[in-house]
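Please treat every number below as a calculation from the coordinates, not as lab data. It should be emphasised that the depicted structure is a prediction, and the values quoted were computed from it without experimental measurement. Cβ sites come from the backbone with ideal geometry, for glycine too, and all protein chains shown count toward neighbours.
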Amino acid sequence: MTAPASAPHIDARGLDVRFPGGVQALRGLDLQVPRGQLVAIIGPSGCGKSTLLRVVAGLAPASGGTIDVAGEAPARVRARRAVAFVFQDPTLLPWRSVHANVRLPLELARVPRNEQNIAADTALALVGLSEFAAASPAALSGGMKMRASLARALVGRPELLLLDEPFGALDELTRERLNDELLRLWERDRFTGLAVTHNVGEAVLLGDRVVVLSARPGRIVADLPIDLPRPRRAALVGTPEFAAVAAEVRARLRAADVAA
Ligand SMILES: Nc1ncnc2c1ncn2[C@@H]1O[C@H](COP(=O)(O)OP(=O)(O)OP(=O)(O)O)[C@@H](O)[C@H]1O
């Protein structure tokens with residue numbers, strides 16, 4: 001069953017997550033995300049951001065409330081490979097070439113080999129890694145590994161992309177470049193995206209909205225629309241309009257942290 005096009009792509013209501021040891025990561029979280037929207041999630045350390053992504057991905061169960069993705073249970077969406085995850089660690093398989101890593105999701109989905117190759121070639125070209133298709137992941141820099149990881153996530157054209165602090169381990173310039181690349185990919189595919197970040201500037205640059213979580217147990221304490229024009233690129237970060245929006249987000253984040 002598919003939800004009507006007007007229904008939110010992600011619909012979490014009263015979401016609770018309590019781990020078996022008793023830690024409550026999320027409490028009463030309500031989040032509705034329309035299809036094609038890019039939402040940045042920010043909050044104090046340990047407030048449940050990764051847990052939220054894991055629940056949306058169908059990798060962890062909710063203990064209370066409801067969560068639907070495209071009108072279905074998240075695990076079903078994962079089973080039909082409509083969701084992709086990008087972590088801080090690019091997790092490339094060292095014994096496979098870059099190309100073989102990128103086509104892996106299609107191989108697992110038993111897509112015909114020629115289609116796998118075409119899609120992997122396209123994804124690698126989009127992230128500027130065509131020349132490294134035959135290389136081993138060990139030959140890539142940190143930024144290039146992350147590009148390969150992005151290409152692998154997007155090779156199957158997922159409806160939903162979950163990003164968990166993906167560029168956090170990279171130097172600032174590489175991070176800027178990758179954010180530009182991510183924005184370009186989103187402009188092409190218009191997937192729905194949830195991006196967890198610790199960086200206020202990154203949240204404002206990427207997000208149609210910035211959702212601020214409270215300290216654990218996480219719930220939404222601010223949901224700020226970001227009305228900066230698109231297409232956006234990292235150069236926007238230096239403008240006064242950007243600085244004003246970022247200052248507002250920073251103030252809300254500080255308030256969430258102090259409330260802890
Ligand atoms: N499998 C688990 N079992 C028990 N507790 C867990 C488990 N996973 C996470 N937690 C706890 O739940 C809370 C939320 O963790 P989570 O990783 O979602 O936070 P986060 O906001 O992503 O953190 P950070 O900003 O530091 O990356 C933390 O207190 C964490 O220790």
>> Among Val111, Phe167, Val200, whose Cα projects farthest towards the positive end of the dipole of the range 51-206, with charges put on the beta-carbon of Lys, Arg (+1) and Asp, Glu (-1)?
In response: Val111
> Could you give the semi-axes, largest first, of the ellipsoid that matches the range 104-157, computed as the square roots of 5 times the alpha carbon gyration tensor eigenvalues and rounded to whole Å?
Replying inline: 19, 10, 10
> Using the reciprocal of the averaged 1/r over all distinct C-alpha pairs, how large is the Kirkwood radius of the chain in Å?
Replying inline: 18.8
> Taking Cα atoms, how many degrees apart are the long axis of helix 240-259 and the longest axis of the chain, rounded to 10 and kept between 0 and 90?
Replying inline: 60
> Using the eigenvalues of the Cα gyration tensor, what equivalent ellipsoid semi-axes result for the range 123-249 when each is taken as the square root of five times the eigenvalue, whole Å, largest first?
Replying inline: 27, 16, 14
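The range 207-244: which trypsin sites (Lys or Arg not before Pro) are DSSP loop and have at most 14 other beta-carbon atoms within 10 angstrom?
On the way: sites: Arg209, Arg219, Arg232, Arg233; in loops: Arg219, Arg232, Arg233.
Sites meeting the loop and neighbour criteria: Arg233.
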> Separation of the range 165-203 and the range 1-75 by C-alpha centroid, Å?
Replying inline: 20
> Which whole-angstrom value gives the distance between the alpha carbon centres of the range 216-243 and the range 128-144?
Replying inline: 31
>> Would you work out the Kirkwood radius for the range 166-231? I mean one over the mean of 1/r across all pairs of different Cα atoms, in Å.
In response: 13.0
> Could you give the Stokes-Einstein D for the range 68-202 in µm² per second, using the C-alpha Kirkwood radius, 37 °C, 0.692 mPa s?
Replying inline: 217
